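Novice: Questions regarding the structure given below will be posed in turn.
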Amino acid sequence: MKSSSILAALALTSALAGCNMAPKYERPTGAVPLALPKGGVYPRAASDAPDVTQIGWRDFFLDPRLRQVIETSLANNRDLRVAAANVLQARAQYRVQRSAIVPTTGVTGSATYTNNLFGAIGAAGGGAGGGTGTGTGTGTGAGVGTGTGTGSTGGGTGAAAGGAVGESSSNIQFYSANVGFSAFELDLFGRVRNLNRAALEQYFATEEAQRSTRISLIAEVASAWLQLAADQEQLRLSRETLKTFEETVRLTSAQFRIGVASELEARQAETNYQAARNDIATLTAQVARDQNALNLLAGTTIAAEQLPASIGTVAFTRDALPGDVSSAVLLRRPDVLQAEHQLIAQNANIGAARAAFFPRISLTATIGTISSALSGLFGGGTFNYNAAPSVQLPLFDGGRNAGNLDYAKASREAAVATYEKAIQTAFREVADALAQRGTIGEQLSAQGARANAASVAARLSDARYRAGVDSFLTSLDAQRTAYSAQQQLVTTRLTQANNLIELYRALGGGLAGEAPATADR
């Protein structure tokens, strides 16, 4: 084949390279309403409220101890390390797939030593043609030469020489050096390009999965830290209440011994006392489990000075209620972006499956030199080349290509459903957080007032009992009510703090200020 023919074939390949069998990608719409829910239980957002998604986690969480724990978790959490390793794996797989769009070029060299002229001529033919040549003819002797490339060209050269030359006992040597590529697919119908696009989108999806894992980790660490704070406060409350119940037991037992109080009153007082003891034992174990959970998330043991003592009334996060946001903000959530990248990858796989029905053209070519002397290997007149295009057209494959295409289409439909489900899940998470956000302030206010009223009632009832105005049962019931109200107040404070964290996570917050995921498209 002449050089001009090769150039013409490459030009034709470039002209057809724009052919793409993949269907045009269109983002699915209509899975959720255009706007997040408003009115009723949902809070009225302030017009000047900041965009939660643009607030970095270092600015959202206000307690310096909590920020240190989150920083430690991001550096040591094993799930996050797995997610990072998955990104590296996906990037490596993409690089492997991308390599198919360019020829893989190699260099070969060979040397042949023989005392058989036909073998030498066959070797020369094999070297020139890049294959295996066989000498045949009327003379005696036969030989096989070694080389690289196609055997047909070398065989022809050997046959021509064998018909004219007899035997030779001289030592003959040949040297060759070649540069070329083998079976490079000319991507006329976009099969390789679509496989490359699918691998790229899977890489992007893995990056988004890592970002989603990062956001979830931040929220989980903050929730675990606050749970420890709440349980620490519940434990302190139980210990204080135990002292009160212990004093009541001491008083009623003394009164029972002198006949002022009945055994029933003494046993009722002891019941409250033992219940408080049980709460202390349960909460002590729970605090230890909370610390273990926090250490697991952090990937290391958290220092004691970074642990909270109580949840108190201090705000641990910014009170960043979002303004009037569209549900389109959910499309920026990493888990939604992950599902969309996977959908695009399946769309590209359809193009690759369709291209399998069309001819697959490959090209093998080498250029090099051949000489009977090593010193003249790169001298004038030693140049040789070969080019061997091949075409593969599927005629009958038992339905394999049709099955692969049907599988690719079904996979795309599944990816569409997965993408829409991801959006619907995100919508529900935000709506649920907003619904709780709309009433949590009222709950906290009511519970605080209840706890205060119960504490006052317990003090008054105890005073009236000591003065002989009220029965001991009234005083005992007031103590139990005050204890329960204080416990519920701590739980409500934890719910309010977790609600802000959940709203921050559900809207995709936590990545502002982070380095964006990038890749060559």
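Novice: Kindly indicate whether A435 is of a type outside the set (V, I, T), open to solvent by less than 40 Å² (accessible area, probe 1.4 Å), under 30 Å from R360 (Cβ atoms) and assigned to a helix (DSSP H, G or I).
Specialist: No, not satisfied.
The rows are residues; the columns are (1) over 30 Å from T439 (Cβ atoms); (2) modelled with pLDDT of 85 or more.
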| residue | (1), (2) |
| --- | --- |
| Q255 | yes, no |
| N272 | yes, yes |
| Q306 | yes, yes |
| A309 | no, yes |
| R318 | no, yes |
| R333 | no, yes |
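Novice: Could you go through the range 229-240 and let me know if any residue there is within 28 Å of A309 (Cα to Cα), touching a residue at least 40 places away in the same chain (Cβ under 8 Å), open to solvent by 30 Å² or more (accessible area, probe 1.4 Å) and of a type outside the set (K, R).
Specialist: So far as the range 229-240 goes, yes, one or more of its residues are within 28 Å of A309 (Cα to Cα), touching a residue at least 40 places away in the same chain (Cβ under 8 Å), open to solvent by 30 Å² or more (accessible area, probe 1.4 Å) and of a type outside the set (K, R).
Novice: Out of the residues in the range 60-99 meeting the condition of being of a type in the set (D, E, K, R) and over 18 Å from L226 (Cβ atoms), tell me which one is most open to solvent (accessible area, probe 1.4 Å).
Specialist: For the range 60-99, the residue satisfying everything is R95.
Novice: Check the range 256-270 and report whether any residue there is surrounded by 17 or more Cβ atoms within 10 Å (Cβ to Cβ) and of a type in the set (S, T, Y).
Specialist: No, every residue in the range 256-270 fails to be surrounded by 17 or more Cβ atoms within 10 Å (Cβ to Cβ) and of a type in the set (S, T, Y).
Novice: Could you check, for the range 216-228, whether at least one of its residues is more than 26 Å from A285 (Cβ to Cβ), surrounded by 18 or more Cβ atoms within 10 Å (Cβ to Cβ) and touching a residue at least 60 places away in the same chain (Cβ under 8 Å)?
Specialist: Yes, the range 216-228 has at least one match.
Novice: Which of the residues that make up the range 347-374 are in contact with a Ser or Thr (Cβ under 8 Å, 6 or more places away or on another chain) and surrounded by fewer than 23 Cβ atoms within 10 Å (Cβ to Cβ)?
Specialist: Answer for the range 347-374, where residues must be in contact with a Ser or Thr (Cβ under 8 Å, 6 or more places away or on another chain) and surrounded by fewer than 23 Cβ atoms within 10 Å (Cβ to Cβ): I361, S362, L363, T364, T369, S371.
Novice: Looking only at the range 271-308, which residues are open to solvent by 70 Å² or more (accessible area, probe 1.4 Å) and under 27 Å from I55 (Cα atoms)?
Specialist: Hits for the range 271-308 are L296, E305.
Novice: Can you tell me which of Q479, Q486, Q443 is in a helix (DSSP H, G or I), in contact (Cβ under 8 Å) with a residue 12 or more places away in the chain, surrounded by fewer than 21 Cβ atoms within 10 Å (Cβ to Cβ) and out of contact with any His (no Cβ under 6 Å at 6 or more places or on another chain)?
Specialist: Just one listed residue meets the conditions, Q443.
Novice: Of (1) open to solvent by less than 40 Å² (accessible area, probe 1.4 Å); (2) over 21 Å from L331 (Cα atoms); (3) among the hydroxyl-bearing types (S, T, Y), Y407 satisfies all except one. Which?
Specialist: (1)
Novice: Which residue out of L507, L494, L460 is buried (at least 18 other Cβ atoms within 10 Å of the Cβ), of a type outside the set (G, A, S) and either under 25 Å from Q447 (Cβ atoms) or modelled with pLDDT of 90 or more (or both)?
Specialist: Result: L494 is the single residue among L507, L494, L460 that is buried (at least 18 other Cβ atoms within 10 Å of the Cβ), of a type outside the set (G, A, S) and either under 25 Å from Q447 (Cβ atoms) or modelled with pLDDT of 90 or more (or both).
The values are calculated or read from the model by the stated rules, or taken from the named source; none is laboratory data. Note that this is a predicted model, so its numbers are computed, not measured. Using ideal geometry, Cβ is built from the backbone for each residue, glycine included, and neighbour counts are taken over all protein chains shown. Surface accessibility is based on the protein's heavy atoms, side chains included, excluding ligands, DNA and RNA. Shrake-Rupley method; radii C 1.70, N 1.55, O 1.52, S 1.80 Å.
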